[in-house]
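Colleague: What follows is a single structure, and I will ask about it in a moment.
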Amino acid sequence: MIARVTALLSLAGLAGLLAACGPTIRDPDNLISPAAQSGQYPEIVPVSPLVAATDDLLPDEAAAQGQSLQARAADLRRRAEVLRQMEF
C-alpha cells in the first residue's frame, strides 16, 4: 500500500516538474503586438455612448421584427410540409 502511494506521489511530482520545465511562451511568427508584449493596454473609454445607442431599439421596432420572424417561421413550416409530402 505504501509503495503505491509513493509511486503515485512520485508520478505527480514528475508531472509537476515536467510542466514547470516546459517551454516558455514565445512568438516566432510575431502574432502578439508590441503593445501587448510590453503590457500596454488600450485606453478605457466611457460606456455612456454605448448605453445611449440602446435607445435606438424601440419596443415598436422589436414588435415589428418579431412579426416578421413569425411570418418567416410560418413560411419555413409550410415549405417543410411541402418537402414531407414529396416522394423521393
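The values are calculated or read from the model by the stated rules, or taken from the named source; none is laboratory data. Keep in mind the model is a prediction, meaning the values are calculated, not measured. Positions of Cβ are backbone-derived with ideal geometry, glycine not excepted, and every protein chain shown enters the neighbour counts. Note: accessible area is taken over every heavy atom of the protein model, side chains too, but ligands, DNA and RNA are not part of it. Shrake-Rupley method; radii C 1.70, N 1.55, O 1.52, S 1.80 Å.
Colleague: Considering only the stretch 69-88, I want to know if a residue exists there that is outside any helix (DSSP H, G or I) and modelled with pLDDT of 75 or more.
Modeller: Looking through the stretch 69-88, at least one residue is outside any helix (DSSP H, G or I) and modelled with pLDDT of 75 or more.
Colleague: Still on this model: Taking the conditions exactly as written (among the small types (G, A, S), over 24 Å from the mean Cα position of the chain (by Cα) and either at pLDDT 75 or above or surrounded by 10 or more Cβ atoms within 10 Å (Cβ to Cβ) (or both)), does A36 satisfy them or not?
Modeller: Against the criterion (among the small types (G, A, S), over 24 Å from the mean Cα position of the chain (by Cα) and either at pLDDT 75 or above or surrounded by 10 or more Cβ atoms within 10 Å (Cβ to Cβ) (or both)), A36 does not qualify.
Colleague: Scan the stretch 42-56 and give yes if some residue there is open to solvent by 100 Å² or more (accessible area, probe 1.4 Å), part of a loop (DSSP other than H, G, I, E, B), of a type outside the set (S, T, Y) and at pLDDT below 70, otherwise no.
Modeller: no
Colleague: With respect to D27, is the statement that it is surrounded by 10 or more Cβ atoms within 10 Å (Cβ to Cβ) and modelled with pLDDT of 80 or more true? Write out each step before concluding.
Modeller: On the way: surrounded by 10 or more Cβ atoms within 10 Å (Cβ to Cβ): yes; modelled with pLDDT of 80 or more: no.
Against the criterion (surrounded by 10 or more Cβ atoms within 10 Å (Cβ to Cβ) and modelled with pLDDT of 80 or more), D27 does not qualify.
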